Structure formats: structure tokens, C-alpha cells
1. Mind telling me which of the residues Val51, Val22, Val31 ends up being of a type in the set (Val, Ile, Thr), touching a residue at least 60 places away in the same chain (Cβ under 8 Å), in contact with a strand residue (DSSP E or B) (Cβ under 9 Å, 6 or more places away or on another chain) and within 17 Å of Cys7 (Cβ to Cβ)?
2. Can you name the condition, by its number, that Pro100 falls short on among (1) over 13 Å from the mean Cα position of the chain (by Cα); (2) more than 19 Å from Asn34 (Cβ to Cβ); (3) touching a residue at least 12 places away in the same chain (Cβ under 8 Å)?
3. Exactly one condition in (1) surrounded by 13 or more Cβ atoms within 10 Å (Cβ to Cβ); (2) under 24 Å from Asp117 (Cβ atoms) is not met by Asn2; state its number.
4. Would you pick out the residues in segment 59-83 that are touching a helix residue (DSSP H, G or I) at 6+ places or on another chain (Cβ under 6 Å) and aliphatic (A, V, I, L, M)?
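Derivation of every value follows stated rules applied to the coordinates shown; laboratory data play no part. Remember, it's a predicted structure, so these values are computed and weren't measured experimentally. Here the Cβ positions follow ideal geometry from the backbone for every residue, glycine too, while neighbour counts run over all protein chains shown.
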Amino acid sequence: MNHKELCDKVLEIEPHVRFSGVLNSRGDLAVESNRNDSDRLLSPDEVKMSVHYTFQRWTSIQNLAHKIGSEKTNITEFDKVTLISLLLNDGNLLLLSSEPGANYMEIISKVKQIIPDE
């Protein structure tokens, strides 16, 4: 499954997910899928800023990976959205945003079931 197919599939299987995207090892948002553009909380520039902050956090924590292992999942809850990052088998990050109050552990479980083992 390619990244675009994965992002689209995430939106298909999980109605609480608003956004799905893949962040590559250079910090670029390689692909993205949105449920509904009119419901966006952030402008395109603010999305870039959020992705940049996610990439900074991800690369920073990798400095400890030799001691604690690689980060597999990160969950950040805000008042209006929950952000989820999942490490893909190819070293990229799958980024999700979900409705506040959604069961993020259930979302993560469903998404992990469709991530290819490549």
C-alpha cells in the first residue's frame, strides 16, 4: 500500500479522524488526506507549522533512541483536537488528527491493523 492509499484508508475506517498524512525523514508532508476542508482548524501555513513542530519533537527524541528504543506512537491532546503520530515500517511518520474525546487507543489499534508490514 502506498502512502496516499494508507491515508485515504485511514479516513475510510475511522470516522473520528479528520486528517491523515505522512511525514518523511526530511520533515516534508509527503501526502495528506482531509475529511472535510470546511472543518479545518488550521490554515495551510499553520498546518506547515504544526508539521514542523512534530518533526522537531520526533527528531529530538531520537537522540535517546539508543537508550530507550525507537518511538512507536505519540499522542498529544488539545481542547479541539487530538494529534497522533505513528512510526511506519519505512521510517516515515503517519500523522493523524482526530475529534476531541475520540477513543485514540481504538483509533491507533484500527490504524495499526492496516499498516503494511513492508
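1. Exactly one of Val51, Val22, Val31 is of a type in the set (Val, Ile, Thr), touching a residue at least 60 places away in the same chain (Cβ under 8 Å), in contact with a strand residue (DSSP E or B) (Cβ under 9 Å, 6 or more places away or on another chain) and within 17 Å of Cys7 (Cβ to Cβ), namely Val22.
2. (2)
3. For Asn2, the failing item is (1).
4. Within segment 59-83, Ile75 is the sole residue that qualifies.
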